[in-house]
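The values are calculated or read from the model by the stated rules, or taken from the named source; none is laboratory data. Here the structure is a predicted model, which means the values were calculated and not measured. So basically every Cβ, Gly included, is an ideal-geometry build from the backbone, and we count neighbours across all protein chains shown. With ligands, DNA and RNA removed, areas are computed over all heavy atoms of the protein, side chains included. Shrake-Rupley method; radii C 1.70, N 1.55, O 1.52, S 1.80 Å.
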There are 2 protein chains.
Amino acid sequence: MYELTMLQAALADGTADRPVVCEVFARRLSNERRYGVVAGIPRVLEAVKNFRFTEEQLETLTFLDPATLDYLRNYRFSGQIDGYREGELFFPNSPLLTVRGSFGECVLLETVILSIMNSDSAVASAASRMVVAADGRPIIEMGSRRTHEQAAVTAARAAYLAGFESTSNLEAAARYGIPASGTAAHSWTLAHVNDDGSANEKAAFKSQIEAHGVKTTLLVDTFDITQGVNNAIEVAGVELGGVRIDSGNLGAITRRVRKQLDDLGAHNTKIVVSSDLDEFAIAGLRGDPVDVYGVGTSVVTGSGAPTASMVYKIVEVDGHPVAKRSEAKKSVGGAKRALRSYRSSGVAIEEIIFPFDSEEPDTGHLSSKMLTVPLIRDGEIVDKQPSLDESREYLAHSIKTLPWEGLALTRDEPAVHTRYVGFE
Amino acid sequence: MYELTMLQAALADGTADRPVVCEVFARRLSNERRYGVVAGIPRVLEAVKNFRFTEEQLETLTFLDPATLDYLRNYRFSGQIDGYREGELFFPNSPLLTVRGSFGECVLLETVILSIMNSDSAVASAASRMVVAADGRPIIEMGSRRTHEQAAVTAARAAYLAGFESTSNLEAAARYGIPASGTAAHSWTLAHVNDDGSANEKAAFKSQIEAHGVKTTLLVDTFDITQGVNNAIEVAGVELGGVRIDSGNLGAITRRVRKQLDDLGAHNTKIVVSSDLDEFAIAGLRGDPVDVYGVGTSVVTGSGAPTASMVYKIVEVDGHPVAKRSEAKKSVGGAKRALRSYRSSGVAIEEIIFPFDSEEPDTGHLSSKMLTVPLIRDGEIVDKQPSLDESREYLAHSIKTLPWEGLALTRDEPAVHTRYVGFE
């Protein structure tokens with residue numbers, strides 16, 4: 001609402017036409033993590049390009065005057081957006097998006113841009129730590145039921161960006177081309193009762209294999225895990241694709257089940273584990289015979305940081321840098337760009353933030369990469385935006401440029417420091 | 001995905017036609033809170049009633065056989081749902097929803113039901129604690145930017161259900177009839193620079209008042225709060241509606257600002273505070289001259305519990321109770337209903353869970369209330385569902401039935417215990 005009340009006042013006093021620059025950044029990394037992952041950029045660009053008010057919506061805005069309603073009726077963002085690409089690492093104060101246009105057109109975009117970037121980046125930032133912790137073993141995203149029904153779809157996308165292997169969410173699979181994955185729940189086994197009400201796990205396993213082949217994954221922990229594994233191999237044979245375990249002390253259980261499978265000759269049957277896993281639990285299982293992780297709640301809720309703490313602030317008006325001066329929230333005014341410098345080994349050294357219109361500063365280091373790239377020009381999305389798979393690969397590569405301590409799961413300072421160059 | 005792979009196997013072996021009962025419940029209250037708030041019921045009912053697969057969606061499901069695709073093409077839930085009404089309090093193991101139908105029709109609803117109930121109940125449960133902490137002072141929901149763009153709309157709804165006064169989200173206002181609220185951001189003040197780039201807070205205040213009248217709320221902490229308050233009253237006069245403070249030590253600042261406003265003669269000017277407030281910060285300001293709270297991040301993210309931990313489990317097949325027996329996750333099989341008993345003072349004593357088809361047990365207490373009500377009959381929503389405002393009032397009343405310790409913000413046991421009666 002305040003976007004619209006500000007617009008009305010701005011149209012009345014002429015502020016609406018003033019050229020301004022707004023910036024998206026995060027003052028800190030959630031939970032003292034070492035790095036964050038930028039996500040949601042393609043969704044932001046589409047949302048900005050298509051930001052419109054329908055007549056039906058305008059009719060609900062009864063608190064606005066006719067001039068403001070007319071402005072909204074014809075609204076179309078015609079400005080410029082530059083920023084970090086999707087899959088880029090970020091740190092405190094990284095100038096993630098720089099939005100240039102009139103006050104009127106920029107003021108309306110705060111909520112939509114932040115909603116998308118905060119939710120997608122929160123999931124991707126948490127997911128990336130899980131991928132690091134899994135150390136090459138695949139992770140399936142299965143958290144749809146633990147977040148809003150639409151957020152589930154974009155959470156699956158953000159997790160895939162971060163390196164998850166697949167998702168249980170079919171809408172995400174269809175919309176974003178993410179591999180889908182899913183086999184059976186406990187309800188499947190429990191639904192196979194005999195006429196007297198007694199359980200019949202083997203009947204459930206047999207039907208699943210008949211429907212989906214022996215490469216399926218059978219859920220073996222509905223009743224007794226040892227018996228479940230025996231039943232699974234008895235019904236499927238040693239070519240069974242996998243067994244899933246969704247409860248208990250997963251370290252001890254997977255070691256026992258691996259031995260049991262091997263003793264039965266099912267050397268290629270994989271062990272899939274789930275059950276409230278987060279990056280710490282995943283790391284804790286690194287020495288155990290886990291082949292695949294299934295992660296739900298923790299990834300879609302950002303593992304303790306459900307929002308990425310990004311803000312959208314005006315930083316320049318009519319070419320003048322502006323910043324609020326309230327306590328404890330110091331900001332540097334002025335439009336900004338950023339580059340990151342690297343050692344010859346490819347390890348990132350620091351991120352240098354400089355005035356948007358200045359030339360790139362000399363970092364004094366061997367190599368550097370411009371982080372700020374054009375995203376929208378005159379309201380249109382710049383050609384050749386990277387695909388989701390390209391951004392996924394880009395992030396996988398970027399993770400390798402972090403200093404070693406950047407991969408630690410413990411709380412500490414950001415892995416890469418930001419430095420302002422060229423500001424007063 | 002697993003819902004659909006299970007369905008395919010179930011259609012092949014006949015399980016799809018078996019009558020089953022599924023139940024939504026939470027094994028525990030998030031963060032050891034004392035109570036939870038049921039939210040999302042009307043959204044669940046609409047989602048179930050309208051659960052369909054479009055031809056476009058079916059084309060993406062290339063892993064399914066023709067019989068399964070046909071089943072989905074004609075899918076329409078025709079079963080029964082009973083459960084707790086929206087705005088009801090819940091505790092561990094409360095049987096929140098009881099879904100009866102064939103295995104095929106019930107297995108497809110797990111994700112959609114849980115997504116809605118987990119996200120809405122997480123927000124409502126956190127929001128309710130904030131409303132209790134605010135002790136009668138109004139709270140504005142302003143967290144849209146800190147959650148997914150669609151989740152923001154339903155979060156505003158859940159916060160209103162819990163007793164929030166209004167929302168900054170206009171889509172929620174239009175869709176659900178919630179009062180909207182919003183005035184100005186720091187960008188408004190910062191956009192009013194003089195030609196030389198110097199700040200002009202008074203110009204910003206003047207324009208806002210011209211556009212929205214003196215009953216508006218001016219944001220006074222962009223530069224210096226004392227000067228901001230002076231500027232606000234100088235421009236608006238003593239009839240100014242309110243000042244908002246969005247940073248700093250809010251207790252000390254509000255006491256100072258209240259004195260300043262009173263000294264200026266602005267006795268009716270309200271003080272609105274925001275700035276990462278949660279239920280604890282709200283409670284901490286109880287003794288300070290705060291008139292209105294603005295809450296963002298913490299309410300839309302469930303204040304440390306972004307999901308309500310609800311699960312959807314099969315509890316009955318062909319009339320036989322079923323339950324998994326894995327470690328540490330004991331469940332009681334069989335369809336259930338529940339009632340809550342009260343002392344003559346109206347304070348809740350306990351919640352009694354009993355077999356769905358049994359008569360109501362005698363609680364031995366003066367009065368009791370049936371918690372399980374019919375929600376869907378033969379696929380159609382039961383008439384006379386309560387409105388959002390009715391459920392909001394219902395919750396406000398229900399909070400008063402909690403034992404005193406139920407209103408504590410500290411971690412502890414649930415305020416009301418659940419007891420099973422009539423199960424083996």
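Values as computed for the structure displayed
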quantity: Candidate set: the stretch A:365-387, residues that are in contact (Cβ under 8 Å) with a residue 60 or more places away in the chain and more than 19 Å from A:Ser78 (Cα to Cα); chosen: the one surrounded by the fewest Cβ atoms within 10 Å (Cβ to Cβ); calculated: A:Pro386
quantity: Complete set of residues in the stretch A:132-152 that are facing chain B (nearest Cβ under 9 Å) and either part of a helix (DSSP H, G or I) or open to solvent by 40 Å² or more (accessible area, probe 1.4 Å) (or both); calculated: A:Met142, A:Ser144, A:Arg145, A:Arg146, A:Glu149, A:Gln150, A:Ala151, A:Ala152
quantity: Any strands (runs of 3 or more DSSP E) falling wholly within the stretch B:330-424 and containing at least 1 residues that are out of contact with any helix residue (DSSP H, G or I) (no Cβ under 7 Å at 6 or more places or on another chain) and β-branched (Val, Ile, Thr); calculated: B:348-355, B:373-377, B:417-420
quantity: Leading residue by the ranking (farthest from A:Asp318 (Cα to Cα)) among those in the stretch A:1-27 that are part of a strand (DSSP E or B) and at the interface with chain B (Cβ under 10 Å from one of its Cβ atoms); calculated: A:Cys22
quantity: Residues being open to solvent by 70 Å² or more (accessible area, probe 1.4 Å) and either outside the structural domain of B:Glu105 (by TED's automatic domain parsing) or aromatic (Phe, Trp, Tyr) (or both) - total across the stretch B:64-74; calculated: 0
quantity: Criterion (crowded, with 23+ Cβ neighbours inside 10 Å, of a type in the set (S, T, N, Q) and outside the structural domain of B:Glu86 (by TED's automatic domain parsing)) met by exactly one of B:Thr226, B:Thr222, B:Thr183; calculated: B:Thr222
quantity: Residues of the stretch B:197-208 satisfying the condition of being more than 11 Å from B:Ala184 (Cβ to Cβ) and touching a Ser or Thr at 6+ places or on another chain (Cβ under 7 Å); calculated: B:Glu201
quantity: Residue list for the stretch B:158-180, filter: open to solvent by 10 Å² or more (accessible area, probe 1.4 Å) and not in a loop (DSSP other than H, G, I, E, B); calculated: B:Tyr160, B:Ser166, B:Leu170, B:Glu171, B:Ala173, B:Ala174, B:Arg175, B:Tyr176, B:Ala180
quantity: Conditions (1) under 31 Å from the mean Cα position of the chain (by Cα); (2) in contact (Cβ under 8 Å) with a residue 24 or more places away in the chain; (3) open to solvent by 30 Å² or more (accessible area, probe 1.4 Å); (4) within 14 Å of chain B (Cβ to nearest Cβ); number of the one not met by A:Asp276; calculated: (2)
quantity: Residues being touching a residue at least 12 places away in the same chain (Cβ under 8 Å), surrounded by fewer than 24 Cβ atoms within 10 Å (Cβ to Cβ) and either touching an Asp or Glu at 6+ places or on another chain (Cβ under 8 Å) or not assigned by TED's automatic domain parsing to the domain that holds B:Val317 (or both) - total across the stretch B:9-56; calculated: 9
quantity: Close pairs from the stretch B:207-235: first within 9 Å of chain A (Cβ to nearest Cβ), partner open to solvent by 30 Å² or more (accessible area, probe 1.4 Å) and part of a helix (DSSP H, G or I), Cβ under 6 Å, at least 6 apart; calculated: B:Ser207/A:Asp13; B:Ala211/A:Ala12
